[in-house]
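Have a look at the structure below before the remarks.
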Amino acid sequence: MSSSISSLRRIGIGALLFAGVTLQAPAQGANRLEGITFTTGAGNKVELTLRLSDNAPTPLTFTVDNPARIALDLPDTTVSMSSRRVDVKTGVVDTVNVAEAGGRTRVVLNVDNLVPYETRIAGNTIIVSVGGGSSA
């Protein structure tokens with residue numbers, strides 16, 4: 001009888017652990033990139049706004065020289081945009097491409113040439129200011 005109770009205990013603990021993993025799984029990657037909009041300012045400054053479903057994560061940013069690109073990696077984020085390409089064609093920004101893999105979303109700004117840029121977070125948005133005297 002004690003082995004039956006021990007087996008039931010192990011099954012119960014296993015079920016609780018499985019339930020805990022199941023309940024936590026949706027939280028990972030629950031944040032979604034829902035849209036990207038842009039505006040143009042003085043001096044050909046372009047301001048892109050990335051709208052997320054939840055508080056915006058701090059992006060990991062990097063640049064590529066040839067061809068010129070500014071990239072932002074958003075951890076634990078999926079994409080729920082109808083199109084993964086945004087045509088900007090303003091200032092030095094040509095297009096923005098979005099891809100999702102490995103539990104993160106990458107946003108790539110295809111630019112004519114590398115210029116200073118800055119990012120800032122405001123609630124569920126990430127604002128990327130490109131050119132026009134912003135600082136990298």
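A few comments on the model shown:
- Counting only protein chain heavy atoms and rolling a 1.4 Å probe, the accessible areas of D94, D87, D73 rank, largest first, as D87, D94, D73.
- log₁₀ of I(q)/I(0) at q = 0.16, 0.19, 0.20, 0.23 Å⁻¹ - region 83-136, Debye sum with one point per alpha carbon: -0.55, -0.76, -0.83, -1.03
- Solvent-accessible surface (1.4 angstrom probe) belonging to T40, in square angstrom, nearest 10: 80
- For region 41-94, averaging the sequence separation of C-alpha pairs within contact (under 8 Å, six or more residues apart) and dividing by the residue count gives a relative contact order of 37 percent.
- Inter-site label distance for D73 and E118 at 7 Å from Cα along Cβ, in nm: 2.5
- Rolling a 1.4 Å probe across all protein chains gives L52 an accessible area of roughly 0 Å².
- Mean accessible surface per residue for region 60-136, computed with a 1.4 Å probe while every protein chain stays in place, in Å²: 49
- The heavy atoms of I121 present about 80 square angstrom of accessible area, all protein chains included, probe 1.4 Å.
- Euclidean distance between Cα centres, region 107-133 to region 68-97, Å: 10
- Label point 7 Å beyond Cα of N97 along Cβ direction - residues of region 56-71 with amide nitrogen under 12 Å: 67-70
- Backbone amide hydrogens, once placed in the peptide plane, bring G41 within less than 5 Å of V46, E47, excluding anything fewer than 5 places away on its chain.
- Under the criterion of Cα pairs below 8 Å and six or more residues apart, the relative contact order for region 22-116 equals 27 percent.
The values are calculated or read from the model by the stated rules, or taken from the named source; none is laboratory data. All of these numbers come straight from a predicted model, not from anything done at the bench. Backbone-built Cβ (ideal geometry, glycine too); neighbour counts: all protein chains shown. For accessibility, only protein heavy atoms count, side chains too; no ligands or nucleic acids. Shrake-Rupley method; radii C 1.70, N 1.55, O 1.52, S 1.80 Å.
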